[in-house]
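The values are calculated or read from the model by the stated rules, or taken from the named source; none is laboratory data. Bear in mind that the values here come from a model prediction, so they are computed numbers and not experimental data. Neighbour counts run over all protein chains shown; Cβ positions are idealised from the backbone, glycine included.
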Amino acid sequence: MYVYTYTMPTKTISIKEEAYNALKRLQLPEESFSDTILRITDKMGNLMFVYQNFPPLDKEEGQKEIEKILLKRKDFGRDRE
């Protein structure tokens with residue numbers, strides 16, 4: 001008798017405890033962290049998902065957050081060059 005088993009490749013990542021706790025809060029029962037990350041990132045383009053799951057920002061806070069994201073993206077692009 002021959003049994004074939006397939007194991008998905010895995011990666012180990014390090015995250016801050018704050019990020020772990022945030023991910024844990026979003027995790028559904030019986031869901032792995034990988035499944036949680038895939039579920040969330042798959043839906044991030046869906047405005048209704050973002051609206052329902054993230055607190056609203058006032059205009060000034062929102063502008064600051066957008067600026068931070070744009071700076072991070074710009075810095076990330078420089079690192080890859």
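Key figures for this structure:
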| quantity | calculated |
| --- | --- |
| Hits in the range 14-43 (condition: out of contact with any helix residue (DSSP H, G or I) (no Cβ under 8 Å at 6 or more places or on another chain) and assigned to a loop (DSSP other than H, G, I, E, B)) | Ser14, Lys16, Pro29, Glu30, Ser32 |
| Candidates Lys64, Lys11, filtered to the one that is at pLDDT 75 or above and in a loop (DSSP other than H, G, I, E, B) | Lys11 |
| Members of the range 1-45 that are of a type in the set (Asp, Glu) and surrounded by 11 or more Cβ atoms within 10 Å (Cβ to Cβ) | Glu31, Asp35 |
